[in-house]
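S.K.: The structure's right below; bear with me while I get my questions together.
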Amino acid sequence: MANKNYPSREYELIAGLGKILASAARRGGPYQLTLGDDAAVRLCAAGERLVLTADIAVENVHFTTDTMNFEEIGFRCMASNVSDCAAMASVPEAALVQLVFPTGDSSIKRKSEALYRGFAMACRKWKFRFIGGDLSGGPCWTIGITLIGRSPPDGRLLTRKGIKNGDALWLSGFPGRSAAGLAALRTWGRQKLPKRYRSLADAHILPHPPVSLGLMLGACTEVHAMMDLSDGISKDGATLCHESKLGLDLSLGHLKAPSDMVALSKELDTPWQQWTLHGGEDYELLFAAGEGFDPASFQAITRRKMVRLGTFTNMRKGVFLREGRMLRKVEQKSWDHVSEKVKRPPYSFCSS
């Protein structure tokens, strides 16, 4: 259980490490942001800002070859970093990859080449460069990616802070599709997956963070804070609340879940709301906006549907779910790397 002053055990650990680093991680000079957000930020010449983010993916924790091939693993790991750039209203510019491969694996060359084809596919899609990295042997496949992004001089950088009382919580896409896809893959496997659930599986295997939408939201003054949805609404929503010392009243009753999610929910006897609340790795944009925010123009240009999930309030702390006239606190069941409740690796469905 996390200390009541923090939204999760993972957040508590990072905060403690930040105290140890102290002056080494201080903000100031060209470094406008260091620890504590989706990425660090460096101010460059002519007002341009570099955004730097890093993620680690470990075999049988973040991914497994039971559900993905190595090319897909490479693409997905890179997409996770691209999502962090999008959350800061920036575009990816260059990547460095640190790869650890299991010593003794006779197919290292073939698998590594497949991984790098996945990296290259992501570079082509989002138009950024691959500029270096490192290789080493070790106990299992481990992929560390550092991505450098860029926020233009006339752009507005968005962070997790700045939410105002009464702001609405919005999300691009529909929450929980990745978690539903993972549930389908775990049930049938890749080869026997019913055709009707392939779109859900694709949402998990090949996410597409909305970079152009992130830039547009950054330019909208009604948007006050943003992060990517990587660890589930119950956890990421709690993080946003903590950053601005507010509570969040969620309302899912108006949401119309996609038909494939509803069908899978019935077939697996799992409420789709469970995937929506606690599912991770959607890599969509979770943001807070004022009353003047109108999603229609953004949706028309990007073709990315947006859903309103709730309202931030100064009346209470934490994340609550409104069901009719009832309001109950949401138990956090999203993935937490430091949680004592975790008994086995999640094989994805978690974020770094």
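The values are calculated or read from the model by the stated rules, or taken from the named source; none is laboratory data. Source: prediction; values computed, not measured. With ideal geometry, Cβ positions are generated from the backbone for all residues, glycine too; neighbour counts draw on all protein chains shown.
S.K.: Given the condition surrounded by fewer than 19 Cβ atoms within 10 Å (Cβ to Cβ), in contact (Cβ under 8 Å) with a residue 40 or more places away in the chain and more than 19 Å from A225 (Cβ to Cβ), answer yes or no: does some residue in segment 12-26 qualify?
M.R.: yes
S.K.: Right, another one. Regarding L229, is this residue under 26 Å from G155 (Cβ atoms), within 21 Å of the chain's Cα centre (by Cα) and crowded, with 21+ Cβ neighbours inside 10 Å?
M.R.: When the stated conditions are applied, L229 passes them.
S.K.: Give me a count of the residues in segment 146-172 that are crowded, with 24+ Cβ neighbours inside 10 Å, under 21 Å from A39 (Cβ atoms) and not hydrophobic (A, V, I, L, M, F, W, C).
M.R.: The number of residues fulfilling the criteria is 3.
S.K.: Going through segment 268-304 one residue at a time, which ones are within 27 Å of I205 (Cβ to Cβ), surrounded by fewer than 24 Cβ atoms within 10 Å (Cβ to Cβ), out of contact with any Phe, Trp or Tyr (no Cβ under 9 Å at 6 or more places or on another chain) and not β-branched (V, I, T)?
M.R.: Within segment 268-304, L268, D269, P271, Q273, Q274, F298, Q299, R303 meet the criteria.
S.K.: Take the residues of segment 129-171 that are over 17 Å from the mean Cα position of the chain (by Cα) and basic (K, R): which is modelled with the highest pLDDT?
M.R.: Within segment 129-171, the match that is modelled with the highest pLDDT is K164.
S.K.: Further question: Just need a number here: residues in segment 71-90 that are over 17 Å from P207 (Cβ atoms) and either polar (S, T, N, Q) or not in a loop (DSSP other than H, G, I, E, B) (or both).
M.R.: Final tally of qualifying residues: 1.
S.K.: Would you confirm whether any residue within segment 104-111 is touching a residue at least 12 places away in the same chain (Cβ under 8 Å), outside the structural domain of L286 (by TED's automatic domain parsing), touching a helix residue (DSSP H, G or I) at 6+ places or on another chain (Cβ under 6 Å) and in a helix (DSSP H, G or I)?
M.R.: Yes, that holds for at least one residue.
S.K.: Any idea how many residues of segment 180-217 are over 17 Å from the mean Cα position of the chain (by Cα) and under 13 Å from S90 (Cβ atoms)?
M.R.: Here the count works out to 1.
S.K.: Here is a further query. Helices (runs of 4 or more DSSP H) wholly in segment 212-289 with at least 1 residues that are touching a residue at least 60 places away in the same chain (Cβ under 8 Å) and touching a strand residue (DSSP E or B) at 6+ places or on another chain (Cβ under 8 Å) - which ones?
M.R.: 233-244, 272-278
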